[in-house]
Amino acid sequence: MFENLKPQPADKILALMQMYRDDPRQEKVDLGVGVYKNAEGVTPVMRAVKAAEHRLWEQQTTKAYTGLAGDPAYADAMIELILGNAVEQDKIAAVATPGGTGAVRQAFELVRMANPAARVFVSDPTWPNHVSILKYLGIETVPYRYFDAETRAVDFDGMIEDLKGAKAGDIVLLHGCCHNPTGANLNQSQWQAVVELLNQGGLIPMIDIAYQGFGDGLEEDAAGVRMVASSVPECLIAASCSKNFGIYRERTGLLMAISQQGDAQALNQKTLAFLNRQNYSFPPDHGARVVTTILTDDALRADWKAELEDVRLAMLGLRQQLADELQRLTGSDRFGFIAQHRGMFSLLGTTPELVEQMRVDHGIYMVGDSRLNIAGLNAQSVPILAKAIVDAGV
Ligand code: PLP
Ligand code: TYF
């Protein structure tokens with residue numbers, strides 16, 4: 001049997017992580033995988049997470065199975081965090097999933113189940129796992145223009161033009177905030193225009209939100225999601241707690257299916273629970289319980305928000321420092337987009353050859369598409385990166 005297996009394509013981001021580990025150079029700089037690192041290069045356990053874990057250790061009396069949808073209190077807390085009160089609770093079906101990836105996977109499975117003919121429109125570029133999972137599930141994907149290679153901002157006219165090619169029932173995958181990999185995001189009037197286009201075309205949005213709090217702030221980053229979720233008949237939302245709670249390895253995510261139709265919620269909820277059961281039975285609970293503990297306790301929630309805000313501001317500071325340094329070295333504003341982008345990532349918009357050259361000559365590890373993880377920088381490595389970018393002639 002096993003002789004029939006063929007090697008599968010590796011994830012380029014994860015392969016780069018290994019290459020970095022194997023590089024003996026002292027001064028190497030890891031700007032690859034999307035993990036937050038502080039100025040000391042450490043991915044810390046957040047204070048509120050430690051405190052919540054401590055509390056759970058003291059107070060948790062059982063680790064018996066939860067429900068197939070996970071702990072309902074977790075879904076409630078996350079729905080409030082993401083949607084505020086934009087959508088009535090009785091319109092939302094929600095299940096805990098293993099990370100945001102689990103939510104994405106289940107969302108696509110739900111789409112295939114409900115409408116096998118649906119195509120999924122994905123931004124060009126998008127997180128490679130989106131494309132890879134869709135391909136694995138045999139769902140047709142259609143790229144839409146998103147990134148303007150010249151301005152490094154959103155090519156909004158191109159995006160709208162391409163989305164006009166979607167048919168009623170097709171899915172439009174959108175990043176809720178902090179677009180991965182580009183760092184270029186829709187503004188409020190652009191979100192509004194997307195909502196109008198979705199409603200005119202009968203298109204169903206699926207929003208992947210994995211970086212709430214990393215861009216302009218917790219509420220600001222959710223504004224687009226809230227606008228869409230409150231304005232369309234149906235939508236899917238896949239959320240991740242990996243980044244904003246720093247609990248990457250706990251595998252903590254949530255999938256929501258929202259329908260404005262009166263009686264849809266019950267069947268949607270049962271179907272999501274069924275999908276959980278087919279794939280892994282009960283979703284992981286530890287991270288979800290930590291998140292619930294934090295979000296439902298005033299003091300822990302305040303401390304988490306304060307630390308998340310520090311993380312956000314640290315990344316913004318690095319963006320500004322890098323843009324300033326490049327301005328100084330080149331005497332031009334052509335890298336000003338780095339300070340305009342939001343979230344962990346910026347797409348430099350250069351060739352794989354120059355990315356490779358920066359790796360060989362300067363030990364700079366960024367993904368081949370020229371995505372850099374801003375959080376991988378610190379005050380010392382910013383000038384090293386700026387020099388590498390200029391030396392390579394980006
Ligand atoms: N969606 C996007 C756009 C991401 O960048 C990520 C990665 O962090 C995820 C989803 C899922 O992350 P995780 O499965 O680690 O929660
Ligand atoms: O884009 C990133 O770097 C993160 C982490 O298969 C990640 O989203 C990368 C690749 C992958 C899973 C997660």
- Message: Looking only at region 195-220, filter to residues that are more than 16 Å from ligand 2 (Cβ to nearest atom) and acidic (Asp, Glu); which one of those is farthest from residue 114 (Cα to Cα)?
- Response: 216
- Query: Does region 2-53 hold any residues that are within 23 Å of residue 317 (Cβ to Cβ), of a type in the set (D, E, K, R) and either assigned to a loop (DSSP other than H, G, I, E, B) or within 16 Å of ligand 2 (Cβ to nearest atom) (or both), and which are they?
  - Reply: 27, 28, 30, 37, 40
- Item | Filter pass, residue 124 being on the phi < 0 side of the Ramachandran plot, over 17 Å from the mean Cα position of the chain (by Cα) and at pLDDT 95 or above | no
- Note on the structure: For region 348-374, pairs from a residue that is closer than 15 Å to residue 34 by Cβ to a residue that is within 16 Å of ligand 1 (Cβ to nearest atom) and of a type in the set (S, T, N, Q), with Cβ under 7 Å and 6 or more apart or across chains, are 372/346; 374/346
- Could you tell me which numbered condition residue 74 fails, if it satisfies all but one of (1) in a helix (DSSP H, G or I); (2) more than 16 Å from ligand 1 (Cβ to nearest atom)? (2)
- Query: Taking region 45-67 on its own, how many of its residues are among the hydrophobic types (A, V, I, L, M, F, W, C), surrounded by fewer than 20 Cβ atoms within 10 Å (Cβ to Cβ) and touching a residue at least 60 places away in the same chain (Cβ under 8 Å)?
  - Reply: 3
- Message: Return the pair list, or none, for Cβ contacts closer than 6 Å from residues in region 303-317 that are under 16 Å from residue 338 (Cβ atoms) and touching a residue at least 24 places away in the same chain (Cβ under 8 Å) to residues that are of a type in the set (Gly, Ala, Ser) and surrounded by 18 or more Cβ atoms within 10 Å (Cβ to Cβ), at least 6 apart or on different chains.
- Response: 315/375
- Note on the structure: Checking 242, 259, 281 in turn, the sole residue that is over 30 Å from residue 56 (Cα atoms) and either surrounded by fewer than 24 Cβ atoms within 10 Å (Cβ to Cβ) or of a type in the set (Lys, Arg) (or both) turns out to be 259
- Task: Provide a single number: the residues in region 311-356 that are within 23 Å of residue 40 (Cβ to Cβ) and not in a helix (DSSP H, G or I).
- Result: 4
- Subset tally (residues that are more than 26 Å from the chain's Cα centre (by Cα) and in a helix (DSSP H, G or I)) for region 362-379: 1
- Note on the structure: residue 249: passes all of (1) out of contact with any Ser or Thr (no Cβ under 6 Å at 6 or more places or on another chain); (2) touching a residue at least 24 places away in the same chain (Cβ under 8 Å); (3) within 16 Å of ligand 2 (Cβ to nearest atom) but (2)
- Please determine, by comparing only the residues of region 192-232 that are within 16 Å of ligand 1 (Cβ to nearest atom) and not hydrophobic (A, V, I, L, M, F, W, C), which one is nearest to residue 248 (Cα to Cα). 211
- Could you please tell me which pairs satisfy a Cβ distance under 6 Å, a separation of 6+ or placement on different chains, a first residue in region 380-394 that is part of a loop (DSSP other than H, G, I, E, B), and a second residue that is surrounded by fewer than 19 Cβ atoms within 10 Å (Cβ to Cβ)? 394/350; 394/354
- Right, residue 239: within 12 Å of ligand 1 (Cβ to nearest atom), in a strand (DSSP E or B) and under 24 Å from residue 98 (Cβ atoms) or not? yes
- Message: Condition check: assigned by TED's automatic domain parsing to the domain that holds residue 385 and in a helix (DSSP H, G or I). Does residue 359 satisfy that?
- Response: yes
- Task: Can you tell me which residue among 32, 84 is within 16 Å of ligand 1 (Cβ to nearest atom) and touching a residue at least 40 places away in the same chain (Cβ under 8 Å)?
- Result: 32
- Query: Does region 117-133 contain any residue that is closer than 23 Å to residue 200 by Cβ, buried (at least 18 other Cβ atoms within 10 Å of the Cβ) and among the aromatic types (Phe, Trp, Tyr)?
  - Reply: yes
- Task: Evaluate the following for residue 103: is it hydrophobic (A, V, I, L, M, F, W, C), within 16 Å of ligand 2 (Cβ to nearest atom) and closer than 27 Å to residue 264 by Cβ?
- Result: yes
- Just give me the residues in region 322-350 being more than 24 Å from the chain's Cα centre (by Cα) and surrounded by fewer than 22 Cβ atoms within 10 Å (Cβ to Cβ), in sequence order. 324, 325, 327, 328, 329, 330, 331, 332, 333, 334
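The values are calculated or read from the model by the stated rules, or taken from the named source; none is laboratory data. Here the structure is a predicted model, which is why all the values come from computation and not from measurement. Virtual Cβ from ideal backbone geometry, glycine too; neighbours counted across all protein chains shown.
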